[in-house]
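Q: Next up is a structure, given as C-alpha cells.
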Amino acid sequence: MSYLQNPLVKRIGVIVVILLAFLIGLALRGGAPDSTDHSDHGAVETESSVWTCSMHPQIQMPTPGQCPICGMDLIPLESSSGGGEGPRTITLSPDAQKIAEIQTSVVVRQSVDMSLRMVGKLEADETRVREIAAWVSGRIDRLYIDYTGVQVQRGQKLFELYSPELYSAQEELIQAVKASSQLSQSTMESSRISASRTIDAVKERLRLWGLTKQQIEEIERKGTPSDHVTIVAPMSGVVLHKGAIEGSYVKTGTPVYEIADLSVLWLKLDVYESDIAWIELGQSVNFETDTYPGERFQGVVAFIDPMLSQKSRSIKVRVNVENPNGRLKPGMFARAVVHAVVDGANQELPLIIPASAPLVTGTRAVVYVADQDQPGQFHGREIALGPRAGDFFVVREGLSQGERVVSNGSFKIDSALQILAKKSMMNPDGGGPAPVHQHGSAAPGAMAEEPKTMEAVSGVPQEFLLQLDDVLAAYFEISTALSQDSLGRAKELAELLPQSLSEVDHGLLPHAGHPIWADAVKNLSAASESIAKSSDLKTARRAFFDLSEQMIQAVRVFGASGQTPVMVFNCPMAMDGAGANWLQKSDGTENPYYGSQMFKCGSQIESFTDSPSGDAGADHTNH
C-alpha cells in the first residue's frame, strides 16, 4: 500500500494536528512555553507577521485572532528565525524534538540477514519411489503384503507367483547345468563354452524375472523346478499402493505394488516472484510442522524450478529433508524460514538504514537527514532504496556513511513541513495548503470517498469467498484477543493465520486476481508474523494495523461471501491520533487498539454484503 493511500496519512486527526501546531510554534519560537512567563501577548505578535489555524492552514492572517472556520486560536506561522531555511528544511528546538519523539540513527555499512518465510508441503522423494510390476505373466496365489501403508524391508517376501514360463526357465537351467557337468571332461572346448553360456543366459533371464541370486542357486542345488516362485522386495520402504489381489492373473508389466523409501523427503515450498533473488542452491532451510509444534527440522535447497507459474506468480523450491526415523510424513504442512545475507555492490558491505526511517510511496522514498552543523535542523532528501532486509532497508543512492537520518518521527516532521506549506512527502511541490480536516462538508450519513488502491476483481466465485471466510475467522479471533488485552492469545492465533491462507485455492480466482492474492498472502503472512513475535501489546497492535489494512483491502478487492457479517470500524484516536480501521463480524465496538482502556472507542463506518461482482456490492454507510 502506498504512502499516500495509507489511512495513517488520510486521517490526520485533531490531536496530531494540534500537537504539530504546538511543535511548529516551539520550533519557530525557539523553545517550550514557560508557565512562569508573564510577558504580554504583544511580544509574540511582534515576532510573527503571519498567523494561521492549526486545523486550516490555508487561513493566513496578519494579526492574531480566531479561525473564521472553526473558531480556534490562530498560531504564529512565520518567524524571522526561519527565513533562511530551504524548501524542505525545518528547525526544531530540543523541546520540540522531545514532543515529536524524534530519534535519529547513523547510516552504516554492515552485513544484514533477511529471514524469508515460506509455506509448503512434504512429499515423497520421487527418486526413491519404485513400482513393483510383474516381470513375467502368471497367477498370484499368495500375497504376503496385502494392505497399503505397511513397512517392508529389502528381501522381504511380497507374493508367490505361479508361472509356466518361470517353470520352463527353471527346467532349462537344470538341464543346462547337467549338460555342462557331462561336458566338463570333454576335449571339445567349444561345447564346454556353449554349455557355460547357456547357463549364464538362463540365470540372467531368471534374475530379470525377479528371482534373487540365492533363489537361483537354490534351484541349481535342488535340481528340480518349483511350480511357485516367491518374489521379494528389491528395496525397503512403505507400500503406497497395492494393485493386485490373491488369485488374480497378471501380465508382464502389470503393477503389483508401489513402494517409497521415506527416509528422505522433499519439502516443496512456494516462493513469490519478488523473493526469488534470495533463494540459492545449497541454502539451509529450517521449518516447523503442526504435528510437532516448537520442534525445528532442517533441509537443504536442492532444486529451484526454472519456470514461473503465471497463475500464482511463484515458483516451487525443492528442499531435501533427512527423515531417518520416519516421524515426518508426506502431506504434512510446513512453515519454513530461509536466512539470506544481503550483499553490497563492488564487494562493499551494503549501506543500510532502519526500515522506519524512509517515507515510501510507490515511486519515491524520502528520509529526513539531521544537519551535522546545525543542531535541530532536518533536511528532506529523496533516496533510492534497495531491498528490505528485516528491520532495515538497503540504500542504493542518496545517502552517505556516517550521516544521521530520522528513524522515529519522520511522519511528524513531514506533516509539520506540510502545514508550513513547504515541500513534503504528501505535498511534493509545496507552496500550497495542506490537505485539511473537513467539518461537516459531507452530506449527513455519507462517508467521504476514499481512493482505492486497486480495482475490485469481478467474477470471484462463491467457493473462493467461502474459503476467504476461514481467513477472516482467524483474523476476527486475533482482533478479539487484542481487544481483551490478551497478548499471548493473539500471538498464538497469529501463528495459525498463515495456515488458513495456504488452504485458500487461488486457482479459483480469475486471472486478474492471481497476482493481487499473491501479494495479499505475502503481506498478511508478514503482518501475522510480526504479531506472533511481538513482545508487548503496543507492538502487537501496530502490527495488527498492517494486518487490518491488508485484510480490508482483500475484502474490498475480492468481496465477501455474505455468510458472515463483515463490518469496518474506525477509531480516530488509534495510532497516535491518526486513526485506524479494523474488521468486526458483530455490532458493538470492540476496540483492538486500546482494549480495556477504551473498549468502546470507535464506530462502524462501512459494511460488506457481497462480492464486487455481485448485485449488492459493498454497503458503504456511516453509523
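The values are calculated or read from the model by the stated rules, or taken from the named source; none is laboratory data. Owing to the predicted nature of the structure, the values given are computational and were not obtained by experimental measurement. All Cβ positions, glycine included, derive from the backbone under ideal geometry; neighbour counts span all protein chains shown.
Q: Looking at this structure, is residue 518 in contact with a strand residue (DSSP E or B) (Cβ under 6 Å, 6 or more places away or on another chain) and either buried (at least 19 other Cβ atoms within 10 Å of the Cβ) or not in a loop (DSSP other than H, G, I, E, B) (or both)?
A: On the way: in contact with a strand residue (DSSP E or B) (Cβ under 6 Å, 6 or more places away or on another chain): yes; either buried (at least 19 other Cβ atoms within 10 Å of the Cβ) or not in a loop (DSSP other than H, G, I, E, B) (or both): yes.
When the stated conditions are applied, residue 518 passes them.
Q: Only one of 548, 530, 586, 603 is within 22 Å of residue 390 (Cα to Cα), of a type outside the set (D, E, K, R), surrounded by fewer than 19 Cβ atoms within 10 Å (Cβ to Cβ) and at pLDDT 85 or above; which?
A: Details: 548 fails: surrounded by fewer than 19 Cβ atoms within 10 Å (Cβ to Cβ); 586 fails: within 22 Å of residue 390 (Cα to Cα); 603 fails: within 22 Å of residue 390 (Cα to Cα).
From the options 548, 530, 586, 603, the qualifying one is 530.
Q: I'm trying to understand the selection: among the residues of region 290-303, which are buried (at least 18 other Cβ atoms within 10 Å of the Cβ) and of a type outside the set (A, V, I, L, M, F, W, C)? Walk me through how you get there before you give the answer.
A: If we filter region 290-303 for residues that are buried (at least 18 other Cβ atoms within 10 Å of the Cβ), which is where we start, we get 297, 299, 301.
Listed by number, the list holds a single entry, 299.
Q: Right, here's the next one. If we keep just the residues of region 108-125 that are of a type in the set (Lys, Arg) and within 18 Å of residue 289 (Cα to Cα), which is modelled with the highest pLDDT?
A: Keep residues of region 108-125 that are of a type in the set (Lys, Arg), which gives 109, 117, 121.
Okay, now just the ones that are also within 18 Å of residue 289 (Cα to Cα), so 117, 121.
Details: 117: 86, 121: 93.
Among those residues, the one meeting the criterion is 121.
Q: Any idea which of 551, 575 is in contact (Cβ under 8 Å) with a residue 60 or more places away in the chain, touching a helix residue (DSSP H, G or I) at 6+ places or on another chain (Cβ under 7 Å) and on the phi > 0 side of the Ramachandran plot? Even if it seems obvious, please write down each step before you answer.
A: Values: 551 fails: on the phi > 0 side of the Ramachandran plot.
Result of the check over 551, 575: 575.
Q: Let me ask you something else. Mind checking which residues of region 266-284 are in a strand (DSSP E or B), out of contact with any helix residue (DSSP H, G or I) (no Cβ under 9 Å at 6 or more places or on another chain) and surrounded by 13 or more Cβ atoms within 10 Å (Cβ to Cβ)? Don't jump to the end; show me each part of the working.
A: We begin by selecting, within region 266-284, every residue in a strand (DSSP E or B); these are 266-272, 284.
Going one step further and asking which of them are out of contact with any helix residue (DSSP H, G or I) (no Cβ under 9 Å at 6 or more places or on another chain), we end up with 267-269, 284.
267, 268, 269 - these are the residues of region 266-284 that are in a strand (DSSP E or B), out of contact with any helix residue (DSSP H, G or I) (no Cβ under 9 Å at 6 or more places or on another chain) and surrounded by 13 or more Cβ atoms within 10 Å (Cβ to Cβ).
Q: Take region 211-227 and flag every residue that is buried (at least 16 other Cβ atoms within 10 Å of the Cβ) and in contact (Cβ under 8 Å) with a residue 60 or more places away in the chain.
A: Initial filter on region 211-227 (buried (at least 16 other Cβ atoms within 10 Å of the Cβ)): 211, 215-216, 219, 225.
Once the filter is applied, which keeps residues that are buried (at least 16 other Cβ atoms within 10 Å of the Cβ) and in contact (Cβ under 8 Å) with a residue 60 or more places away in the chain, region 211-227 yields nothing.
Q: While we're here: Among what's in region 475-505 and is crowded, with 21+ Cβ neighbours inside 10 Å and touching a Ser or Thr at 6+ places or on another chain (Cβ under 6 Å), pick the residue that is farthest from residue 596 (Cα to Cα).
A: 498
Q: Something else: Can you work out which of the residues in region 126-150 that are within 37 Å of the chain's Cα centre (by Cα) and surrounded by 13 or more Cβ atoms within 10 Å (Cβ to Cβ) is nearest to residue 247 (Cα to Cα)?
A: Within region 126-150, the match that is nearest to residue 247 (Cα to Cα) is 130.
Q: Residues in region 248-265 that are touching a helix residue (DSSP H, G or I) at 6+ places or on another chain (Cβ under 8 Å) and not aliphatic (A, V, I, L, M): how many?
A: So the count comes out to 2.
Q: Are there any pairs, at least 6 apart or on different chains, whose C-beta atoms fall under 6 Å, with the first in region 237-251 and in contact (Cβ under 8 Å) with a residue 60 or more places away in the chain and the second of a type in the set (Lys, Arg), and if so, which?
A: Within 6 Å, the pairs are 249/139.
Q: Out of region 365-414, which residues are surrounded by 16 or more Cβ atoms within 10 Å (Cβ to Cβ), small (Gly, Ala, Ser) and closer than 23 Å to residue 340 by Cα?
A: Within region 365-414, 386, 389 meet the criteria.
Q: Restricting to strands (runs of 3 or more DSSP E) lying wholly in region 319-420: which have 1 or more residues that are at pLDDT 85 or above, more than 28 Å from residue 266 (Cβ to Cβ) and among the small types (Gly, Ala, Ser)? It would help to see each step written out before you state the result.
A: Working: elements: 333-342, 351-354, 365-370, 377-382, 384-389, 392-397, 404-408.
Ranges flagged: 365-370, 377-382, 384-389, 404-408.
Q: Then there is this: Given the criterion outside the structural domain of residue 275 (by TED's automatic domain parsing), touching an Asp or Glu at 6+ places or on another chain (Cβ under 8 Å), polar (S, T, N, Q) and assigned to a helix (DSSP H, G or I), identify the matching residue among 525, 500. Spell out the reasoning first.
A: Values: 525 fails: touching an Asp or Glu at 6+ places or on another chain (Cβ under 8 Å).
Just a single option satisfies the conditions, and that option is 500.
Q: I would also like to ask the following. Check region 387-395 and report whether any residue there is under 22 Å from residue 95 (Cα atoms) and not polar (S, T, N, Q).
A: no
Q: Then there's this: Check off (1) closer than 25 Å to residue 576 by Cα; (2) at pLDDT below 75 for residue 78 and give me the number that stays unchecked.
A: Result: residue 78 passes all but (1).
Q: Contact list please: Cβ distance under 6 Å, first residue in region 365-377 and under 17 Å from residue 105 (Cβ atoms), second residue of a type in the set (Asp, Glu) and in a strand (DSSP E or B), pairs at least six apart or on different chains.
A: Matching pairs, first to second residue: 366/382.
Q: In region 100-127, which residues are within 23 Å of residue 303 (Cβ to Cβ), part of a strand (DSSP E or B) and polar (S, T, N, Q)? Break it down stepwise before answering.
A: Going through region 100-127, the residues within 23 Å of residue 303 (Cβ to Cβ) turn out to be 114-127.
From what's left, part of a strand (DSSP E or B): 114-124.
Listed by number, the list holds a single entry, 115.
Q: Based on what the data block shows, is residue 400 of a type in the set (Ser, Thr, Tyr) and over 27 Å from residue 98 (Cβ atoms)?
A: On the way: of a type in the set (Ser, Thr, Tyr): yes; over 27 Å from residue 98 (Cβ atoms): yes.
Taking the combined requirement at face value, the residue satisfies it.
Q: Taking region 281-309 on its own, how many of its residues are without any contact (Cβ under 8 Å) to a residue 24 or more places away in the chain, of a type outside the set (S, T, N, Q) and over 24 Å from residue 237 (Cα atoms)?
A: Looking only at that region, the number is 9.
Q: Can you tell me how many residues within region 243-258 are assigned to a strand (DSSP E or B) and over 45 Å from the mean Cα position of the chain (by Cα)?
A: Here is the first cut: in region 243-258, the residues assigned to a strand (DSSP E or B) are 249-250, 255-258.
Still in the running and over 45 Å from the mean Cα position of the chain (by Cα): 249-250.
The number of residues fulfilling the criteria is 2.
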